[in-house]
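To keep things clear, I will list the structure first and then write my remarks on it.
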Amino acid sequence: MNEYLRDVYVVDALRTPIGRYGGALSSVRPDDLAAGVLRGLLDRSPALDPGLIGDVLFGNSNGAGEENRDVARMAVLLAGLPVTVPGATVNRLCGSGMEAVIQAARAVALGDASIAVAGGVESMSRAPWVLPKPERAFPAGNQQLYSTTLGWRMINPRMPEEWTIPLGESAELIADKYGITREAQDVFALASHRKASQAWQDGAYDAEVVPVDGVDLPRDEGIRDDTSLDALARLKPVFREGGTVTAGNASPLNDGAAALLLADEAGLAEIGREPLARIRAGAVTGIEPQYFGLGPVEAIRKALTKAGRDFGDLRTVELNEAYAAQALGCLAALPDLDSGLLNTRGGAIALGHPLGASGARIAGAVAHQLAEAGSGTGLAALCIGVGQGLALVLER
């Protein structure tokens, strides 16, 4: 760490259980989901005066629905924090939650805040349809509604067609590039469900998942304990005739929120708790949009270099599973990364991928795993639509 920068600690991290599209959390507004995890952090740190929080940053990918008026600030107000606590919402699509963590950590490191909260939220169930304004008043013809749930909409005609293909077709391109078979993707997906199911049975998520008020959802809703390779093999390809990407080996549409409490040394004294981990370095990189799933590859290398660490130093790795083909493609491009460290408690294929929340979820997961281990270096990384990658290195 630069001598002029303060060390930044993850004091606590929590998340909601993740709901299926149209499932248990679909009746909960995204600003209420965000307020719930923010309130949860404060309840778990009763010695903290909320007025000392210098800023609250939340990631959100959609921004077109009930979260549209700066969901971070809405969460501050709905959670009952003092009105003097500010809030800002950031958008780096699938990486928004981790972007919030990186920006909040930067503020603490620079001394702009001694204590900050960073998180992310998404309700894909409640994402609205939008109707663009016509170029002329009083159009005589029909107008088109666009769904804001996922993917490209209202595409600029100047964008090259290969950049605006469906996200699943991008996963097919990665499968082509690395020769990743349908069976390999299904095996990976099955492992995600089995690891997630076992983690919940073992109580591995007890320290980081908090319930949503008024909702009976005891664990992540998308985990399929009874799935099998035969069941996954029966699913039809979604994006390409004769393709390999199916609903079974891709992350689903989801709802959820996550948040982390960050502090410097002075902030730790105010909170009165031992931190889970320390943030060491972050990195963002760009890539051709049609290969967005490989975005984490260079971001991971860059973050490890900035942290002065190597693949051999890693104890745990969380790589968001947008698609099995995407995760397997990243592993193929990173031969020094031990796949046995990857998503040991399941990944997004099983747990779910509420876009704006996922980066905060996996950052918090790494922090908790390092705290349980007692020492070591951890890595969290995501691919990002439109061709970016984001990575974060933590240590204890």
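The values are calculated or read from the model by the stated rules, or taken from the named source; none is laboratory data. Owing to the predicted nature of the structure, the values given are computational and were not obtained by experimental measurement. When we count neighbours, we look across all protein chains shown, and the Cβ atoms used for this are built from the backbone with ideal geometry, even at glycine. The area values use the complete protein model at the heavy-atom level, side chains included, leaving out ligands, DNA and RNA. Shrake-Rupley method; radii C 1.70, N 1.55, O 1.52, S 1.80 Å.
Using heavy atoms of the protein chains and a probe of 1.4 Å, the accessible area assigned to residue 288 is about 100 Å². Its Cα centre serving as origin, the range 27-92 has a Cβ charge dipole (Lys and Arg +1, Asp and Glu -1) of approximately 80 debye.
Rg and Dmax, both from the Cα atoms of the range 349-396 and both in Å, are 11.8, 37. A viscosity of 1.306 mPa s and a temperature of 10 °C, combined with the Kirkwood radius over Cα pairs in Stokes-Einstein, give a translational diffusion coefficient for the range 285-377 of 114 µm²/s. Contact order for the chain, expressed relative to its length and based on alpha carbon pairs under 8 Å spaced 6+ residues apart, stands at 28 percent. The candidates 45, 26, arranged from most to least accessible area with a 1.4 Å probe in the full protein assembly, appear as 26, 45. Ranking of 188, 138, 58 by solvent-accessible surface, largest first: 138, 188, 58 (1.4 Å probe, protein heavy atoms only, all chains present).
Keeping all protein chains in the complex and leaving out DNA, RNA and ligands, what accessible area do you get for residue 177 with a 1.4 Å probe, in Å² to the nearest 10? That residue has around 120 Å² of solvent-accessible surface. Using a cutoff of 8 angstrom between alpha carbon atoms and counting only pairs six or more residues apart, the relative contact order for the range 1-129 works out to 33 percent. Each principal axis of the chain carries a Cα extent, and these read 59, 58, 41 Å when sorted largest first.
Answer with one residue from 303, 341, 325: the one whose Cα lies farthest towards the positive end of the charge dipole of the range 289-359, charges on Cβ with Lys, Arg +1 and Asp, Glu -1. The one lying farthest along the dipole's positive direction is 303. Atom-type composition of the exposed protein surface of the chain places 50 percent of the accessible area on carbon and sulfur (1.4 angstrom probe).
For residue 200, the solvent-accessible surface computed with a 1.4 Å probe is close to 40 Å², ligands and nucleic acids excluded.
Once you have a ≥ b ≥ c as the square roots of the Cα gyration tensor eigenvalues for the range 68-208, tell me rounded if a/c is under 1.5, and otherwise prolate or oblate according to whether a/b is larger than b/c. Here the range 68-208 falls in the oblate category. Remark: the chain carries a charge dipole of roughly 600 debye about the Cα centre, counting +1 on each Lys and Arg Cβ and -1 on each Asp and Glu Cβ. Farthest towards the positive end of the charge dipole of the chain, among the residues 119, 48, 60, is the Cα of 60, using unit charges on the Cβ of Lys, Arg, Asp and Glu. For the residue pairs 177/306; 195/302; 195/236, alpha carbon separations beyond 26 Å are given by 177/306; 195/302. Compactness of the range 1-112 is given as radius of gyration and Dmax, 14.6, 49 Å, from Cα positions. Between the listed residues 166, 179, 233, the Cα displaced farthest toward the positive end of the dipole of the range 156-233, a dipole computed from Cβ unit charges relative to the Cα centre, is found at 179.
Helical content alone sets the calculated 222 nm signal of the chain at -10000 deg cm²/dmol, taking -39,500 (n - 2.57) per DSSP H segment of four or more residues and averaging over every residue.
Hydrophobic, long helices, defined as DSSP H runs whose alpha-carbon span along the helix axis is 18 Å or greater and whose mean Kyte-Doolittle value is at least -0.5, occur in the chain at 30-44, 96-110, 355-373. Rounded to a whole number of µm²/s, how large is the Stokes-Einstein D of the range 130-288 at 4 °C and 1.567 mPa s, given Rh as the Kirkwood radius over C-alpha pairs? The Stokes-Einstein estimate is 62 µm²/s.
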